[in-house]
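One structure below.
The values are calculated or read from the model by the stated rules, or taken from the named source; none is laboratory data. Predicted model, so just to flag it, every value in this text is computed and none were measured. Cβ atoms come from the backbone with ideal geometry, glycine included; neighbour counts cover every protein chain shown. Just the protein is used for accessible areas: all its heavy atoms, side chains included, with ligands, DNA and RNA removed. Shrake-Rupley method; radii C 1.70, N 1.55, O 1.52, S 1.80 Å.
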Amino acid sequence: MTDASTTSGIARVGEPLRRVDGPEKVCGLAEFPGDVSLPGMTYAALAVSAIARGRVTSIMRDDAVSMPGVLLILTHEDVGDAIGPVGHLMEGGYANSSWRPLASPEIRYAGQIVAMVVAVSQEIAVAAAASLRFSYAGQSPVASLRDPRCETARLADVSAEHHDRRKGDLEAALGSAAAQIDAHYSTPIQHHNPIELPSTICHWEGDRLTVYEPTRYLGAAQHGLAAQLGIAPAQVRVVSRFIGGHFGSKLALSQHTAICALAARRLHRPVRLEVSRRDQFTVANHRTETEHRVRLGATSEGRLVGVGHEAATVSSRFDDFAMEGTDVSTALYAAGAVTAEERIGRVDRNTPGPMRAPPEVPFLFALESAMDELAHALEMDPLELRRRNDTAVDPVTGKAFTTRPLMRCFDAAAAAFGWSDRRAEPRTTLRDGWWVGYGCAAAARPVKIGPASIRVVQDVDGKVRVETAHHEIGNGLYTLLATIASERLSVPLDRVTVVLGDTALPPAGISGGSSTTTSLANALAKACAGLLRKPERPREISLDYLPAGAKPDAISALRTGHIKLLTLPESKLAWAFGAHMVEVRVHAASGEVRVPRHVGAFAAGRVLNPISARSQYLGGMAWGLSSALLEKTEVDPRTGVYLNRDLAEYLVPTSADVAEQTVIMVDDADATVNAEMVKGLGELGIIGVAAAVANAVFNATGARLRNLPIRAEETLN
């Protein structure tokens, strides 16, 4: 619960407003799930598999059992079918993985949970888990997409909802082109590393279970846990008032939660588990590796005659998870002929999941890099090439964009950056021992929206309370909802209280897809209008928000923990756009890459709070830089083990890596997209950054680097 008591007066949407929950966070009063302390608390630790494929043949637990303070040890021998199966969230289920790690002795990936130890202290639990000894009968795993044994299938054959895009004769179009690009690109495995680790506190009161856990979809956790434990959803309450970052990692129901709940039920005491940094690499999700072949053909004037994009991603052997992206890459520019095909490979690793801007980050890295290559082949400014292929409609379907401010974003970025100073010929500017280069790339993302339920109550004194079971992930949701209620109800901000993150509240959807603001801003605005039509105070309204064009059963699905984010309206393309321009410096002797300047210009509908919007853009831009130069999870091709499962060797940027960042917000008054003209912007800032950096490295050095991350040694080749 957050009371907007830090600001008096009626708030106005669109004006800069500091976070109403800021004082709570700064003073340590904001209660994150892991902060909860309950009487009789016990502590859990995990033991995980050392192999990626095979079976557990024996478990030596004598040392752990003999430790004073050890209360319970759970392995497959103790759990089995006590935890029921549930499907993956993206396949109509509830979980981030359909695999039940303690259901049998079978091992399907390195880092799989093979035991949980509960003790009277965290230290004893960790020591006891480390003392367990497992013997395995192992098999050689398929560890990556590049393993020749990796089997792939067309995504269209795996997913009934995916359709490869086709228009015209691509081969003929490319054959007639004055300039062609045929290039391969790749992006690596990357892991979310939020400051707050995954954690769970499970507490039974009779037959009712309360769970404190950072999750970005409370409804899925509630209903999934009920299904796993064989109880009614009404017997499960999940609380997550604040989340210390997730970026996709805290996807719905995690595999460790039911094990904690089972332990708490058997012990009749609360159980707390905080997953270690190393174990979160396999307990949580990750961005999977991708491979791309992009083919472009253009006339001598730079008009695209053909675009081809073939892509491959991987998933686990037990879940078909894919974040397809050619629907964006082949619709961004005008083209006479288009062919796209996506494939999915199966490996012996844990199931991947969404990671901020899931498909657009890798897919537009490939496309925007190829566009830069084409511009160079045509001896044309990369900005001009994009201008000549700007389009008001999807070249495949003919659907019109609701708005198309892409080139206005490029123009705004170019003016602020000084793009006109760019030298077209690579490797021509050397300053103080550093090669200097400029690069640009587009950002684009379809708008997502979902159903939501919300309750607004106004008491006799005029105070307002807004309630919904959504989540504050650091994006400023408390402030946003308080502002809307203040403005629409003409109530001072300090008389508005917002309550979030509890399944006891009206159900709301997933915090993902940049859909939170889009969905809840429209829901709350509609609820406030309904409240004002009611008679005198006290008054209350509970509203189920169904986006225009959504199927009527979306609300009932939401109430049972299922959700599918929608792209509406179906008759048009509603997208947010952006443009990145970066300056890189590459050391002539060492190859070290630095990015001293980065300008991003973005158009994402109506901006509700420019302060929080700017923060989200800056964070995305920094993460894009990280993706371009630093982040890569290394996997041993022989064993399938992630090798750098810590923040010492999994590199993320520090303040020294992020230099001057400039954010420009371009007007995008889109009255078609939804009533509040909101498009969502949380993921837009990261899209395209890696391509802009790679393109700038080429401009600086003449080295065309098509595989991420960009390493210093590669710039010297």
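What to note about this one:
- Potential lengthening of the chain between ASP169 and ALA137 amounts to 6.4 nm, from the contour at 0.36 nm per residue minus the alpha-carbon distance.
- Candidates per GluC sites (Glu not before Pro) in the stretch 348-434, loop by DSSP, up to 16 other Cβ within 10 Å: GLU379
- Helix content alone sets the calculated 222 nm mean residue ellipticity of the chain: runs of n ≥ 4 DSSP H residues at -39500 (n - 2.57) each, divided across all residues, give -7000 deg cm²/dmol.
- For GLY530, net neighbour charge (Lys/Arg +1, Asp/Glu -1) across residues whose Cβ lies under 14 Å away: +4
- Those residues of the stretch 286-316 whose amide nitrogen sits under 20 Å from the label point placed on GLU106, 7 Å along Cα→Cβ: 315-316
- Between SER590 and ASP553, the modelled label-to-label distance comes to 6.0 nm, taking each label 7 Å out from Cα in the direction of the beta carbon.
- The dipole here belongs to the chain: it is taken about the Cα centre, uses +1 on the Cβ of Lys and Arg and -1 on the Cβ of Asp and Glu, and is about 760 debye.
- Residue ranges 225-236, 612-623, 295-306 sort as 612-623, 295-306, 225-236 when ordered by packing (mean number of other C-beta atoms within 10 Å per residue, highest first).
- Membrane-span-like helices in the chain, defined here as complete DSSP H runs extending at least 27 Å along the helix axis by their C-alpha atoms with mean Kyte-Doolittle hydropathy no lower than -0.5, are 610-629; this is a sequence and geometry rule, not a statement about a membrane.
- Rolling a 1.4 Å probe over the heavy atoms of the protein chains gives the stretch 569-717 an accessible area of 35 Å² per residue.
- Euclidean distance of C-alpha centroids, the stretch 372-404 and the stretch 123-160, integer Å: 42 Å
- Those GluC sites (Glu not before Pro) in the stretch 160-197 that DSSP places in a loop and that have at most 16 other beta carbons within 10 Å: GLU161
- Of THR428, ALA414, PRO382, farthest towards positive along the dipole that unit charges on Lys, Arg, Asp, Glu beta carbons give the stretch 376-491: PRO382
- Note on Cα extents along the principal axes in Å: of the candidates [x] 103, 81, 53; [y] 75, 72, 51; [z] 82, 65, 54, the value calculated from this structure sits at [y].
- Dipole magnitude of the stretch 593-685 about its Cα centre (Cβ charges: Lys, Arg +1; Asp, Glu -1), debye to nearest 20: 100 debye
- Taking every DSSP beta bridge that has both ends in the chain, the antiparallel portion is near 75%.
- Counting charges near GLN190 (Lys, Arg +1; Asp, Glu -1) among other residues having Cβ under 12 Å from its Cβ returns a value of 0.
- Test item: Cα-centred dipole of the stretch 27-148, Lys/Arg +1 and Asp/Glu -1 on Cβ, debye: 420 debye
- Ranked by the mean number of other Cβ atoms within 10 Å of their residues, highest first, the peptides 650-661, 485-496 come out as 485-496, 650-661.
- Computed Kirkwood radius, in angstrom, where 1/r is averaged over Cα pairs of the stretch 51-202: 20.2 Å
- Antiparallel DSSP beta bridges within the stretch 238-392, as percent of all bridges there, nearest 5: 45 percent
- Per DSSP, loop GluC sites (Glu not before Pro) in the stretch 527-588 with at most 13 further Cβ within 10 Å: GLU536, GLU570
- Net charge of neighbours whose Cβ lies under 12 Å from the Cβ of GLY9, counting Lys and Arg as +1 and Asp and Glu as -1: -1
- Eigenvalues of the alpha-carbon gyration tensor of the stretch 465-518, scaled by 5 and square-rooted, set the equivalent ellipsoid semi-axes at 20, 13, 9 angstrom, largest first.
- Rg(Cα) / (2.2 N^0.38 Å) computed for the stretch 145-291, rounded to two decimals: 1.51
- Entry note, the stretch 242-356: relative contact order of 29 percent, from Cα contacts under 8 Å with a spacing of 6+ residues.
- Additional length obtainable on full extension of the chain from ALA153 to VAL393, 0.36 nm per residue less Cα span: 83.3 nm
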